[in-house]
Amino acid sequence: MVEPEDDREPGSVRIVLADDHVVVRSALRMLLEAEPEFEVVSEAGDAEEAARKVRGHHPQVLVLDVNMPGGSGLAAVPKIREESPETQIVVLTMQSEPAFAREAMQAGALGYVLKEAADAELVQAVRMAAAGETYLQPELGARLAAEPAAGAPDDLSERELEVLRLIALGHTNSEIAEQLYLSVRTVESHRAHIQQKLRLTTRSELVRYALERGLVET
């Protein structure tokens, strides 16, 4: 018997999809697998099953609806990350409150997408999570950006705090430079100083630091 050819790329992103609605999962699977580098390897209907599927398949990304039967999926995030640290988590939810987004990121999620915007944003969020980058739904990012910073911890200057907040909200160096009327080189310098002072090396670590210190508030 001739096996069907697999047109997935060798470095495809393996995904587990968790949502309690079969119709929603079907639509999300179609959306994700329209991308040649994405492969949905399994589906789950609740957080416990999602954890089992992650243990069994070790995907690069888990897309997790946090409002499912059997308790909040958000509570499962730290455990899943501990059991499968190579699996990044993208939260998919109806919860549009910035406080909930911050809680999800603090729990260990790398992505946060509202279901109403899934068609436009889930693919990007999964791609960024697979690369170890944070994705925060832009509408929430704008609301978080309107809040004042909570002081200058760890000897960060006010300008460094501004840069750190914008990094945490997902802006690139060029976007930060434009917003703060600085050169890209100056932003890169500020970013290097921030990383040196905080002894952090990745953008994900900077985002978590900003969230934990309340630099992006609700």
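Just so you know, all these numbers are worked out from the coordinates, no wet-lab data involved. Note that the coordinates shown come from a computational prediction; the quantities given were computed from them, not determined experimentally. Note that each Cβ is placed from the backbone with ideal geometry, even for glycine, and that neighbours are counted across all protein chains shown.
Give me D for the stretch 89-128 in µm² s⁻¹, whole number, from Stokes-Einstein with Rh from the Kirkwood sum over alpha-carbon pairs, 20 °C and 1.002 mPa s. Before the final figure, lay out the partial values.
Working: Rh = 10.0 Å.
Using the Kirkwood radius from Cα pairs, D works out to 214 µm²/s.
Okay, helix-only estimate at 222 nm for the chain: each DSSP H run of n ≥ 4 adds -39500 (n - 2.57), divide by all residues, round to 500 deg cm²/dmol; what do you get? Numbers along the way, then the final one.
Details: 10 runs with 105 residues, N = 218.
Computed mean residue ellipticity for the chain: -14500 deg cm²/dmol.
Jot down the per residue volume, in cubic angstrom and as a whole number, of the convex hull over the alpha-carbon atoms of the chain.
Values: hull volume 29.1 nm³, N = 218.
Hull volume normalised by residue count: 133 Å³.
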Interchain or long-range residues, amide H under 5 Å from residue 67's placed H
73
Looking only at lysines whose Cα falls under 16 Å of residue 79's and that sit 8 or more positions away or on another chain, we get 53
Testing the spin-label approximation: label points 7 Å from Cα along Cα→Cβ at residue 116 and residue 41. State their distance in nm.
3.5
Listed residues 198, 122, 92, most fluctuating in the chain (Gaussian network, C-alpha, under 10 Å):
198
Mind checking the angle between helix 203-212 and the chain's longest principal axis? C-alpha axes, 0 to 90 degrees, to the nearest 10.
70
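What is the dipole size for the chain, taken about its Cα centre, with +1 at each Lys and Arg Cβ and -1 at each Asp and Glu Cβ, in debye to the nearest 20? Can you show the working numbers first?
On the way: 22 positive and 38 negative charges, 141 e Å.
Around 680 debye, computed over the chain.
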Please give the per residue volume of the convex hull enclosing the alpha carbon atoms of the stretch 51-110, rounded to a whole number of Å³.
71
Table column - 3J(HN,Hα) (Hz), the stretch 166-176, Karplus curve with 6.51, -1.76, 1.60, x for Gly and Pro
5, 4, 5, 8, x, 7, 7, 4, 5, 5, 5
What are the extents of the Cα atoms of the stretch 147-212 along their three principal axes, in Å, largest first?
26, 25, 20
Listed residues 47, 84, 156: farthest to the positive end of the dipole of the chain (Cβ charges)
156
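Can I get the semi-axes of the stretch 13-137's equivalent ellipsoid? Compute them from the C-alpha gyration tensor as square roots of 5 times the eigenvalues, in angstrom, largest first.
On the way: eigenvalues 59, 52, 44 Å².
Taking √(5λ) for each Cα gyration eigenvalue gives 17, 16, 15 Å.
Calculate how large, on average over all directions, the projected area of the Cα convex hull of the stretch 22-67 is; give the answer in nm² to one decimal. Kindly include the intermediate steps, with their values, before the conclusion.
Numbers: hull surface 12.8 nm².
Hull-based average projected area comes out at 3.2 nm².
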Pull up all non-local amide H partners of residue 135: gap of 5 or more, or a different chain, and H-to-H distance under 5 Å with H placed in the peptide plane.
111, 112
